[in-house]
């Protein structure tokens, strides 16, 4: 996770840090596995209060800098 964290900081994917970067990375990883913003937000909410719209914004920012494929 450290390398991913450094890479995201280097590329300035997330400018604001209201939510810890580790939670954003975990959220993106969960989203890639589930393909559901709602499920991702629900899972993350067990650890840190996040909304569906926040998760959606993280995914969009991440996709702008590093495209991801969620097709199976």
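The stretch between residue 4 and residue 33 holds 8.8 nm of extra length on full extension. This uses 0.36 nm per residue minus the Cα-Cα distance. Coordinate range of the alpha-carbon atoms in the chain per principal axis, descending: 30, 29, 20 Å.
Coordinate-derived values only; no laboratory data. The structure presented is a predicted model; accordingly, all values stated were derived computationally and were not measured.
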